[in-house]
Amino acid sequence: MPEQFVWGMEVFLNGLMAGVLYALVALGFVLIYKASGIFNYAQGVMALFAALTLVGIMEGQVPFSHLINAVLGTEIHHFGWHVPAVLAILFTMAVMVLLAWAVNQFVFRHLVNQEPIILFMATIGLAYFLEGFGDMMWGSDIKNLDVGLPQGINTSIDEFTYQIFDYGFFIDNLDLFATAIAAALVFSLVVFAQYSKQGRAMRAVADDHQAALSVGISLNFIWVMVWSLAGFVALVAGIMWGTKSGVQFSLSLIALKALPVLMLGGFTSIPGAIVGGLIIGVGEKLFEFSFGQMLGGATENWFAYVLALIFLVFRPQGLFGEKIIERV
Amino acid sequence: MLDASEGYTTEDGRKIGGVVMEMKNITLRFGGVVAIKDISFDIREGEIRAIIGPNGAGKSSMLNVISGFYNPQDGQVFYKGALRPQMKPYQVARQGIARTFQNIALFDGMSVLDNIMTGRIRQMDAGIFAQAIWKGKAEREEVENRETVEKIIDFLEIQHIRKTPVGRLPYGLKKRVELARALAAEPSILLLDEPMAGMNVEEKEDMSRFILDVNDEFGTTIALIEHDMGVVMDLSDRVVVMDYGKKIGDGTPDEVRNNQAVIDAYLGVAHD
């Protein structure tokens, strides 16, 4: 078997795994967009904020320690305890629910029935606020996140492929784990949206506010629930990305990679977010592998966006998005 | 013929119960415009109560006050004997007041079945965590409510479109699905905002039959707004007539028909 092909296969598999991580971020976008028509630019920052909070809680960091020390002239930074990962994740989730409530209470509740562009601008504001707030709360240094996820090369895949191809594939355990988590997450979200009362209410609110009110659905409750769900997805994405590359402020930029994913998958489709993520992940890795050298490398930076652009021309609603039909 | 506390018996022999909802001196203003001016009337258990009047008379505003979409500046709403505090529309809905809309407000992307299931939200109280894992109570609830919904689907003869997305249905069927969703809530009062607007004669006859059947079969109290005088007179037990935000008549169809103010409002006289 030609070497190039075997290497290509490894690149392909790694692309799939990278795609899953893109898809995780895109999923958060889809959730909020589906239920409230808001394109939430802050989704990436939410992932960053979730990861920062998780690390902070686990390490026993004192929130706002810079501020407290500056005002009171004290020198406190740590409580001096360590919280187990599972407990810290639960606490972080509580913080994300609180954040969801605050976002709805102080921002979006007052913007009902506004133009989409206004809602979008509000989320940009929210993104920068949250970034600054996270910085103030937990500090801006790069942090290590280790919640005990398996990491490093998967030896059984390495050995298995070595026996077949005479060449061992490098597949990261973390990526495998992320894939499993993402699959479980998507499955449960789809089931929740399709077959539960709250999920049905969520779809109802997305469809028609008045009608939703008339059957006894509280819009505010649903919005807080959706933002909480997006916060949960952000937390999962934050854990995966944070474990992979450290919790740092560039994490919020992965949100931008989710944009081409959404263009491909469609803004309203949960499975679309997954498939879109996989296509982008595989596409950019294979493209870099095949043409990177010719084009001077670093094609991963722009490949996704160009692919999305081409897609926009031929299928503006994405692969799975609702077809836009305007009756005349 | 009217007994203040005990109700009355209609000409066709149906027993009408006590007052379930009473509107007292309701006044609703939008800025300088007075949409409803000092109107009082009641709705009795088991009756079909109509609100009629020419365009812009304030009928829809009145329905919106009952369903909590508008809050009146003055006046009180008594529901089941108790003064109703100011409420959000979804809270009113949970108290058992279901409604339909003049311009149809359905969830277009969802199937007929799912649309009607949303009507059951009042009856489903499994918490969000139970819902999320859909076990035990939540699952049992889903199945029970599904049975009720299937009965309503049978009753309104829409079995053939159960799985169809509502957005694809023709107008007449959409109206019927909206009625089904309101019925699914097993409401104490069912509010219908122009249930026959924009329908052809055949569809109107169907809808009239369904309204009468619902009232007859389930004993549902119905308050409806309608433009078409003929339809209203056939359907309803008692009629409130509004004009320019004021009440100009209240009584049985026969009484209302012979009321000079009502005749003037509908045929038009010079206002001086």
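The values are calculated or read from the model by the stated rules, or taken from the named source; none is laboratory data. Here the structure is a predicted model, which means the values were calculated and not measured. So basically every Cβ, Gly included, is an ideal-geometry build from the backbone, and we count neighbours across all protein chains shown.
Observations, loosely collected:
- Per the listing A:85, A:51, the residue uniquely within 16 Å of residue A:254 (Cβ to Cβ) and among the aliphatic types (A, V, I, L, M) is A:51.
- Here is the figure for region B:226-266: residues that are more than 30 Å from residue B:29 (Cβ to Cβ) and either outside any helix (DSSP H, G or I) or outside the structural domain of residue B:66 (by TED's automatic domain parsing) (or both) total 3.
- Checked against the criteria, residue A:172 does not count as surrounded by 13 or more Cβ atoms within 10 Å (Cβ to Cβ), acidic (Asp, Glu) and facing chain B (nearest Cβ under 9 Å).
- Filtering B:223, B:182 for residues that are under 20 Å from residue B:113 (Cα atoms) and either touching a Ser or Thr at 6+ places or on another chain (Cβ under 6 Å) or outside any helix (DSSP H, G or I) (or both) leaves a single hit, B:182.
- Each residue in region A:236-283 was checked for being not in a helix (DSSP H, G or I) and not aliphatic (A, V, I, L, M), and 6 pass.
- Residues (farther than 21 Å from residue A:129 by Cβ and touching a strand residue (DSSP E or B) at 6+ places or on another chain (Cβ under 6 Å)) located in region A:46-77: A:60
- Scanning region A:167-214 for residues that are assigned to a helix (DSSP H, G or I) and β-branched (Val, Ile, Thr) yields A:179, A:181, A:186, A:190, A:191, A:205.
- Taken over region B:91-121, the criterion of being within 9 Å of another protein chain (Cβ to nearest Cβ), in a helix (DSSP H, G or I) and either among the acidic types (Asp, Glu) or surrounded by fewer than 22 Cβ atoms within 10 Å (Cβ to Cβ) (or both) is satisfied by B:91, B:94, B:114.
Conditions tested, residue by residue: (1) within 28 Å of residue A:58 (Cβ to Cβ); (2) more than 21 Å from the chain's Cα centre (by Cα); (3) in a helix (DSSP H, G or I).
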site	(1), (2), (3)
A:102	yes, no, yes
A:120	no, no, yes
A:124	no, no, yes
A:130	yes, no, yes
A:156	no, yes, yes
A:159	no, yes, yes
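- Candidate set from region A:288-299 (those that are within 19 Å of residue A:254 (Cβ to Cβ) and surrounded by 18 or more Cβ atoms within 10 Å (Cβ to Cβ)); member that is modelled with the lowest pLDDT: A:299
- Among the residues listed as A:80, A:132, the single one being surrounded by fewer than 19 Cβ atoms within 10 Å (Cβ to Cβ), modelled with pLDDT under 95 and at positive phi: A:80
- Boolean, residue B:88 is farther than 26 Å from residue B:48 by Cβ, surrounded by fewer than 18 Cβ atoms within 10 Å (Cβ to Cβ), touching a helix residue (DSSP H, G or I) at 6+ places or on another chain (Cβ under 7 Å) and within 12 Å of another protein chain (Cβ to nearest Cβ): no
- Close pairs from region A:206-230: first within 17 Å of residue A:114 (Cβ to Cβ) and at the interface with another protein chain (Cβ under 9 Å from one of its Cβ atoms), partner in a loop (DSSP other than H, G, I, E, B) and of a type in the set (Val, Ile, Thr), Cβ under 8 Å, at least 6 apart: A:209/A:112; A:219/A:112
- Restricting attention to region A:187-205, the residues that are under 23 Å from the mean Cα position of the chain (by Cα) and at the interface with chain B (Cβ under 8 Å from one of its Cβ atoms) add up to 6.
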